[in-house]
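The values are calculated or read from the model by the stated rules, or taken from the named source; none is laboratory data. Note that the structure is predicted; figures quoted are calculated from it, not measured. In this analysis, Cβ positions are derived from the backbone assuming ideal geometry, glycine residues included, and neighbour counts consider all displayed protein chains. SASA here: full protein model, heavy atoms, side chains in, ligands and nucleic acids out. Shrake-Rupley method; radii C 1.70, N 1.55, O 1.52, S 1.80 Å.
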Amino acid sequence: MKIAFGCDPNAAQMKQELMAYVRTLGHEVFDLGSDDVIYANVAFSVAKAVADHTYDRGILICGTGIGVSIAANKVKGAYAACIHDVYQAQRAELSNHANIITMGSQVIGPELAKCLVKEYLSVTYDPNSRSAPKVARICEYEENGI
């Protein structure tokens, strides 16, 4: 898979560690930035590139993971899940079809972050799952506002 990464300046070290790790898992890695103190800008860049299928998935990091998640979710077709445990990492894609995960560099350490990324990248959304109607409703609302 092609994975886009972005972060705020405070999370640059964790991003570098995760990008190196994701390469060892056999994925292509693309760095969309970490220098802008307005983390929303990099979140928008990653979200747009994932939503338009330039990249398969995205990983965003800021202090808590919350800000980049909110920003990424403003982009149509981007579905970002803020995760902090392995079950959330798995279910983000498997149940919720999240094409982006976000994490907080001041909330979790790099070894846990690696576990979360590995789990997230190891699963694929099941369109026949019991969550499929829920995901479809989110997409319908995004498209029609109803």
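Assuming residue 146 fulfils every condition listed in (1) part of a loop (DSSP other than H, G, I, E, B); (2) β-branched (Val, Ile, Thr); (3) closer than 25 Å to residue 17 by Cα apart from one, which condition is it?
Of everything listed in (1) part of a loop (DSSP other than H, G, I, E, B); (2) β-branched (Val, Ile, Thr); (3) closer than 25 Å to residue 17 by Cα, residue 146 misses just condition (3).
What are the pairs with Cβ atoms under 8 angstrom where one residue, in segment 68-93, is closer than 21 Å to residue 37 by Cα and the other, located anywhere, is among the hydrophobic types (A, V, I, L, M, F, W, C) and part of a loop (DSSP other than H, G, I, E, B)? Sequence gap at least six, or different chains.
That search, which allows pairs on different chains as well, returns 72/78; 80/98.
Please work out if residue 114 is modelled with pLDDT of 95 or more, open to solvent by 80 Å² or more (accessible area, probe 1.4 Å) and either closer than 20 Å to residue 19 by Cβ or aromatic (Phe, Trp, Tyr) (or both).
No; evaluated as a whole, the condition is false for this residue.
When the residues of segment 80-110 are filtered to those that are closer than 18 Å to residue 13 by Cβ and of a type outside the set (Val, Ile, Thr), which remaining residue is surrounded by the most Cβ atoms within 10 Å (Cβ to Cβ)?
In this case the residue turns out to be 103.
So which strands (runs of 3 or more DSSP E) stay within segment 1-79 end to end and still have 1 or more residues that are buried (at least 24 other Cβ atoms within 10 Å of the Cβ)?
Counting at least 1 such residues, we get 2-7, 57-62.
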